[in-house]
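Participant: Submitted below is the structure of interest, expressed as structure tokens.
The values are calculated or read from the model by the stated rules, or taken from the named source; none is laboratory data. The structure presented is a predicted model; accordingly, all values stated were derived computationally and were not measured. A quick note on method: Cβ atoms are made from the backbone with ideal geometry, for glycine too, and the neighbour counts reach across all protein chains shown. For accessibility, only protein heavy atoms count, side chains too; no ligands or nucleic acids. Shrake-Rupley method; radii C 1.70, N 1.55, O 1.52, S 1.80 Å.
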Amino acid sequence: APVTQRRRNGRNGQCTCHGSRLIATAMISGEGTLLAPPPERGVKSPICNSFILKGERPASHRGVRREESPSQSPARPRTSKASAVRREELKCLEMVLQRSCRKEDRVSAYLRRAHHLEPAGQERIFCFDGPDEHIRRALLASDPPWLENQMATSQIFHLKWTVSDCEDDYRYLQEGMLFNHFQRNRELTTKVGLTNNLRRFSCEGPVDVDRFFPRSYDMSSASEVQDFVLDFRRCAALGVLRQHLRLANWAEERRRLMEHLNMDGVVDGSCYICNVNVLRMAVKAMIHWLEDLDGTFFEDEDQCQGPRPHLFTQEWDALVCYSELTDAELCGEDDGEERKRKQRGSYSASGSVIPGSAAGSPWRSARAENHQRWPEFEQHHWGEPPVSLRQHAEETLKLLEARWPQISAQGPMNVWVVKPGSSSKGSGVLCMDSLPEVLHHCKTTSNRIVQKYIERPLLLFSGRKFDLRQWVMVRSFRPLKVYMFSSCYLRLCNEPYDLGDLENRQRHISNWSVNRRGKHVADGAVASLDEFQEVLEMMTGQRGYWEEELIPQLKTCIVQTLQAVQPNIIQRCESFEVYGFDFLIGEDLKPWLLEVNLSPACESRTAWMSEMLERMASRLVELLLQGDAFASDGQAPDWHLICDEHDAAAPSPAMSPVAPAQSEEAPNLDTWGQRALTLTVLGKSVSRRFLRRLDQIWRRNAAQQTLAAHWRGWALRQRLRREKWRMAGVVFHRCRQRAWQNLLRLALFQQRRGPAAKLISTVTRCFLCRRELQEVRRRKDALRIQSSWRGHRGRRRAAAARCGRAAARLQRWWRSA
């Protein structure tokens, strides 16, 4: 049989062979030995001469059994020439085995050819493709040890570990093959999928995700863009009321101090002057917000007293501009900073589209120094607000703190985070506090998620922001079975936290890819859980605050998040997945879920982190192999089961049916009434207005999709109609030409020279007339150009004369000086 052709690369001297021709020429005997033809003379191929394809064992492997061989070293050059040749050998071998062996015999044949082992029934093969070397070392160190298939795309394995997955990976999976991913896991690990699933889960079930997940909006949806604009405006109104109460209290204390020191005659240059109109707008916006948060508002449609008055666009512009003023500006002090209008593109300060403005216009000019003269505050009253308005503002803030679970996330500034919907490692993440900036950025870039920034995080280690990376392993989605690693680590920002410097990403983003190149990186920008527990003990005075308070909240958040995506994940019994949950701890010690990471990066930056990774990997392998028989070994940290719906669904002794002797006598109505009083109501009250709002949003999205579909169909029909008219014109023109040709031929054939001559003369006259008209137009154009050129020459001579006179005057002045 002909041997496959080899090609040599003149640059690096590597040679490759075509495996398809090798399969066509290769033959396997009944015992599984491969009979390959000898290579051609003068051609040396490391693949065809390999001992794997020859069916021989090298001298180093002869006479040595697996039990007596030393353990394989985990470190190997993956990019070397020998590794490339090895992978090519395994690829050719697998292609041969797929054509010649049955599925149940491929593993045995692979062990004989690739690892030179006689299968004993306990050998396990794994494919590994990723940077997590601790997982690979744990598999090789297990008892009995696993054998590695160095070809990542191989279909001969018992366990496959990859960084990411695709649809082709699930197509070739068979029963008994472990895979470290679930199909459609992007519903959980992308920002867009996590936001949409949590919102849907909050609407369908009794879980309020606003208690642990910051508000997020998908900017690719027009309805969510409107919801985000309204949320930004309301947060601006909240900031205005908070700032007013804070400055009003400060002004009262200052006034009392001056009265106590008998300084009535002294003029206070730093007095606080507020905009009364803007305060009324802010209170009005807060009332509308409280009505939306109230589940009993508009419970009965009969109570509705007509449409409530909303704020106009000009009022929102004034409110948002007022919220951007600093304390120093409101108190009449100079903070030394130049104020510029935060307005870009075609958006106003409150996010409204400005008619007739360019979409890419640059930043506007600087504002006037006196903010009271700004156009948004025209005809507004500045001065001391009435006492009733202040009391109303305090009452609305107290009600909002009682009803809104995310009040603790709101800080002194209205900062939002713009994230790409499907990226990782902090790429493309920006912090912005201007609504026009956010809208312009999301309009120019696609697939963006806007999330509320936690402005009051817990700061540790010299005022630096941090977040928690918690490992979670999901063994099954239906029923849900979740394990959580008992230890975690803290990811620190490189520089101290500062809301005044939003452009510096190393102050606000704790990803290692962002902070690894900073100037102040120390100890891998991580901290251990023990250090965090010590800080918590110093802050709270409780030794077990982490285990007693924070761990239950983290477990609840993890389980509810996985339950939200549970209907969209495709269940497979042999699949499992390790996720990285990122939590942010607020200054009130409340955890907030930021995102969920697919295949979280586990880099050994410190010695204690390496030990934790080795422990996590080894116990993870034992958990996968032992299954339900997995138990704690008495050492920490370890994987702990936090949710098992299979055990929860089993009937418990306490829920056993009533005995027949007791059920013979039916209880009377009083007994049933007493039992009904002891029942606990689960869930939240139904709000008709909230349901109408959801129905309106759904109809709006459906209408957008319907309009888009009809628009695409109408545009296609219009394009087809135009194409038909164009083709009809072409055909008509050709027919007309042919008709004229036939008429001319007929006239010549019948010797009708007179009509033909008249026709030719008519056409000639028309042609000459057109030529004459063209000449007349050319003459007029020439006259127009000459007149304009004379005017241009005259203007240039006049400008030269003026320059000469100016030069003469300058010379005379210079001589006189």
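Participant: In contact with a strand residue (DSSP E or B) (Cβ under 7 Å, 6 or more places away or on another chain) and open to solvent by 40 Å² or more (accessible area, probe 1.4 Å), is that true of His115?
Facilitator: When the stated conditions are applied, His115 does not pass them.
Participant: A further question on this structure: I need the full set of residues from the range 176-193 which are touching an Asp or Glu at 6+ places or on another chain (Cβ under 7 Å) and farther than 19 Å from Leu623 by Cα, in order please.
Facilitator: Asn185, Lys191, Val192, Gly193
Participant: Same structure, new question: For Leu139, indicate whether it is touching a residue at least 40 places away in the same chain (Cβ under 8 Å), aliphatic (A, V, I, L, M) and more than 30 Å from Ala564 (Cα to Cα).
Facilitator: Taking the combined requirement at face value, the residue satisfies it.
Participant: Among the residues of the range 200-222, write down those that are surrounded by 18 or more Cβ atoms within 10 Å (Cβ to Cβ) and assigned to a loop (DSSP other than H, G, I, E, B).
Facilitator: Val207, Phe212, Phe213, Pro214, Arg215, Met219
Participant: Name the single residue that is most open to solvent (accessible area, probe 1.4 Å) among those in the range 474-531 being of a type in the set (Phe, Trp, Tyr) and at pLDDT 90 or above.
Facilitator: If we filter the range 474-531 for residues that are of a type in the set (Phe, Trp, Tyr), which is where we start, we get 477, 483, 485, 489, 497, 512.
Adding the requirement that they be at pLDDT 90 or above leaves 477, 483, 485, 489, 497.
Details: Phe477: 0, Tyr483: 16, Phe485: 1, Tyr489: 2, Tyr497: 40 Å².
Only one residue tops the list, namely Tyr497.
Participant: Being within 30 Å of Leu744 (Cα to Cα) and aliphatic (A, V, I, L, M): is that true of Val763 here?
Facilitator: Numbers: within 30 Å of Leu744 (Cα to Cα): yes; aliphatic (A, V, I, L, M): yes.
It is true that Val763 is within 30 Å of Leu744 (Cα to Cα) and aliphatic (A, V, I, L, M).
Participant: Tell me the residue from Glu123, Glu148 that is touching a residue at least 60 places away in the same chain (Cβ under 8 Å), of a type in the set (Asp, Glu) and outside any helix (DSSP H, G or I), please.
Facilitator: Going through Glu123, Glu148 in turn, just one is touching a residue at least 60 places away in the same chain (Cβ under 8 Å), of a type in the set (Asp, Glu) and outside any helix (DSSP H, G or I): Glu148.
Participant: Test each condition in (1) touching a helix residue (DSSP H, G or I) at 6+ places or on another chain (Cβ under 9 Å); (2) without any contact (Cβ under 8 Å) to a residue 60 or more places away in the chain for Glu611 and report the one that comes out false.
Facilitator: (1)
Participant: Which of the residues belonging to the range 159-199 are aliphatic (A, V, I, L, M) and either in a loop (DSSP other than H, G, I, E, B) or open to solvent by 20 Å² or more (accessible area, probe 1.4 Å) (or both)?
Facilitator: Let us first name the residues in the range 159-199 that are aliphatic (A, V, I, L, M), namely 159, 163, 173, 177-178, 188, 192, 194, 198.
Passing the criteria: Val163, Leu173, Met177, Leu178, Val192.
Participant: To continue, here is another question. Identify, by number, the condition in (1) open to solvent by 10 Å² or more (accessible area, probe 1.4 Å); (2) at pLDDT below 90; (3) polar (S, T, N, Q) that Gln566 doesn't meet.
Facilitator: The number of the failed condition is (2).
Participant: Answer with yes or no whether Ala138 is aliphatic (A, V, I, L, M), modelled with pLDDT under 70 and either closer than 24 Å to Glu614 by Cβ or out of contact with any Lys or Arg (no Cβ under 6 Å at 6 or more places or on another chain) (or both). Walk me through it before giving the result.
Facilitator: Working: aliphatic (A, V, I, L, M): yes; modelled with pLDDT under 70: no; either closer than 24 Å to Glu614 by Cβ or out of contact with any Lys or Arg (no Cβ under 6 Å at 6 or more places or on another chain) (or both): yes.
The answer is no for Ala138.
Participant: Are there any helices (runs of 4 or more DSSP H) wholly within the range 511-629 with 1 or more residues that are over 17 Å from Leu460 (Cα atoms), and if so which?
Facilitator: 512-515, 551-565, 607-626
Participant: While we're on this one: Give me the pairs: first residue in the range 707-730 and more than 20 Å from Ala222 (Cβ to Cβ) and open to solvent by 90 Å² or more (accessible area, probe 1.4 Å), second residue modelled with pLDDT under 85 and outside any helix (DSSP H, G or I), beta-carbon distance under 6 Å, and six or more apart or on different chains, which are they?
Facilitator: From residues that are more than 20 Å from Ala222 (Cβ to Cβ) and open to solvent by 90 Å² or more (accessible area, probe 1.4 Å), there are no pairs.
Participant: Of the residues that sit in the range 427-463 and are among the basic types (Lys, Arg) and crowded, with 21+ Cβ neighbours inside 10 Å, which one is nearest to Pro214 (Cα to Cα)?
Facilitator: Per the criteria, the residue is Lys452.
Condition check ((1) open to solvent by 10 Å² or more (accessible area, probe 1.4 Å); (2) touching a helix residue (DSSP H, G or I) at 6+ places or on another chain (Cβ under 7 Å); (3) at pLDDT 90 or above; (4) over 23 Å from Phe126 (Cα atoms)) across all residues:
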{"site": "Lys590", "(1), (2), (3), (4)": "yes, yes, yes, yes"}
{"site": "Leu594", "(1), (2), (3), (4)": "yes, no, yes, yes"}
{"site": "Cys602", "(1), (2), (3), (4)": "yes, yes, no, no"}
{"site": "Ala629", "(1), (2), (3), (4)": "yes, no, no, no"}
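Condition check ((1) touching a residue at least 24 places away in the same chain (Cβ under 8 Å); (2) touching a His at 6+ places or on another chain (Cβ under 6 Å); (3) within 24 Å of Ala349 (Cα to Cα)) across all residues:
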{"site": "His181", "(1), (2), (3)": "yes, no, no"}
{"site": "Leu188", "(1), (2), (3)": "yes, no, no"}
{"site": "Asn196", "(1), (2), (3)": "no, no, no"}
{"site": "Arg215", "(1), (2), (3)": "yes, no, yes"}
{"site": "Ser223", "(1), (2), (3)": "yes, no, yes"}
{"site": "Ala236", "(1), (2), (3)": "yes, no, yes"}
{"site": "Gly239", "(1), (2), (3)": "yes, no, yes"}
{"site": "His244", "(1), (2), (3)": "yes, no, yes"}
{"site": "Glu259", "(1), (2), (3)": "no, no, no"}
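Participant: Right, here's the next one. Could you list, in sequence order, all residues of the range 391-412 that are surrounded by fewer than 18 Cβ atoms within 10 Å (Cβ to Cβ) and within 16 Å of Leu247 (Cα to Cα)?
Facilitator: Passing the criteria: Gln391, Glu394, Leu397, Gly411, Pro412.
Participant: Would you check if Tyr322 is over 21 Å from Leu397 (Cα atoms) and at pLDDT 80 or above?
Facilitator: No, not satisfied.
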